Amino acid sequence: MEQAVQTLNLNDPAIFKEWQAFLESLGITNFQANELQQIDATLGMYNERGSLVATGSVAGNVLKYVGVCNKFSTQGSHFNSIVSALMNLLAQRGVFHLFVFTKVKYATSFQHVGFHELARTDLGVILETGDTGITDYVRRVAQVATDQDLTPASKVGAIVMNANPFTLGHRYLVEQAARENELVYVFVVNDDVSLFTTAERLALVKAGTADLTNVVVVSGDQYMVSYVTFPAYFLPTQDDAIRYQTTLDARLFRDQIASALHITTRYLGSEPFSRTTGIYNQVLQTELPPAVAVKVIDRQTSGDTVITATQVRRALAADDLATVRDWVPATTYQFMQQHLTTLQARIQEGMNINGN
């Protein structure tokens, strides 16, 4: 007879070793620090011999590391028990909108307990469940455009950006799209693992594009996922993770967001520096057409130097802000001046300033 679902303390070396060995036996082998650090709680079930037979973790409102062995019990019972326990745990915390990124073979099992598939690749699937969903999200985004008297529109463009912070390079990309479309959606990636918080980045993009009357700036919510937070714990290699992340993101955008918002063109900045972003751009150009055209805009330069947010962050770290004054809108520069101490403190506390 199986024991009840219980909380697992992964800080206990013996429990962690048992948990890791169990998941490895099920083909889950990625236990990198950036994956493990996001875990808020882990649950487990044991059989009468004291062996772990099911486990699952939560990271925010995302289910992760769900692994089940039904070898010695009724098919499906362990899965239903552990997922229900995870959902109840989050409900107790007031969280009712959940996501899971999982192997294809588990997609049907999650659908049986109320999850709805958003997109899939041959490597994995993203599903959601809860009191809100992607239909509600696109309705909210469309309403913002309606409130700005920008619908209906026959030519609709879109840009997804992190804007950490918003530079004149970002502004140049938005300007190009705004000239070629009646309506442009700018989706700002929603995560708080960047130097500038989600709220700060969203505000800076809005301030930096306020004069572009056909531009709508909105949060990407949890449907434009950053590489840093994208769960890939069940994939064996980094290259698999990049391919999974980028392809899934492209298909979710194409099938769930662009179609609902009548987006006809997605704009990308060329990427001469980041391998991951370069791959992402290639995947978008493969996955989005013909439903959504893709237009790559050469990056804006200052003299012979490509304007990048990375260089702006490095200038902040070096307390040399004046050197990048001509790289950012006045609104961004003013914000950095006013919040210099706070931003530098975040860097000193270990916030990564490299990457995108």
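The values are calculated or read from the model by the stated rules, or taken from the named source; none is laboratory data. Only a predicted model underlies this, so the values are computations on that prediction, with no experimental measurement involved. Virtual Cβ from ideal backbone geometry, glycine too; neighbours counted across all protein chains shown. In case anyone asks, the SASA skips ligands and DNA or RNA and just uses the protein heavy atoms, side chains included. Shrake-Rupley method; radii C 1.70, N 1.55, O 1.52, S 1.80 Å.
Overview of results
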{"item": "Solvent-accessible heavy-atom area per residue, rounded to whole Å², over the chain at 1.4 Å", "result": "45"}
{"item": "Gain upon complete extension [residue 111, residue 26; 0.36 nm per residue less C-alpha separation]", "result": "28.6 nm"}
{"item": "Chymotrypsin sites (Phe, Trp or Tyr not before Pro) within segment 24-129, DSSP loop, no more than 16 other Cβ atoms inside 10 Å", "result": "31, 72, 96"}
{"item": "Cα gyration tensor category, rounded, prolate or oblate, for segment 176-312 with a/c compared to 1.5", "result": "rounded"}
{"item": "Residue-span extension gain [residue 259 to residue 193] - 0.36 nm each, minus C-alpha spacing", "result": "20.8 nm"}
{"item": "Percent accessible area from carbon and sulfur atoms, the chain, protein chains only, probe 1.4 Å", "result": "49"}
{"item": "Helix-derived mean residue ellipticity, 222 nm - over the chain, DSSP H n ≥ 4, -39500 (n - 2.57), to 500", "result": "-11000 deg cm²/dmol"}
{"item": "Theoretical FRET efficiency, 1/(1+(r/R0)^6), r = Cβ-Cβ of residue 273 and residue 338, R0 22 Å, to 0.05", "result": "0.15"}
{"item": "Spherically averaged projected area of segment 1-145 from its Cα convex hull (nm²)", "result": "9.8"}
{"item": "Global size of the chain as Cα Rg and Dmax, reported in angstrom", "result": "22.0, 72"}
{"item": "DSSP beta bridge pairing in the chain, given as percent antiparallel to the nearest 5", "result": "55"}
{"item": "Cα-based reach from residue 155 at 29 Å (exclusive), listing lysines while leaving out same-chain residues under 8 positions away", "result": "206, 295"}
{"item": "Proximal lysines to residue 103, defined as alpha-carbon separation beneath 17 angstrom and excluding residues fewer than eight positions away on the same chain", "result": "64"}
{"item": "Segment 51-117: relative contact order in percent, alpha carbon pairs under 8 Å with at least 6 residues between", "result": "31"}
{"item": "Difference of contour (0.36 nm per residue) and Cα-Cα distance, residue 320 to residue 154", "result": "55.3 nm"}
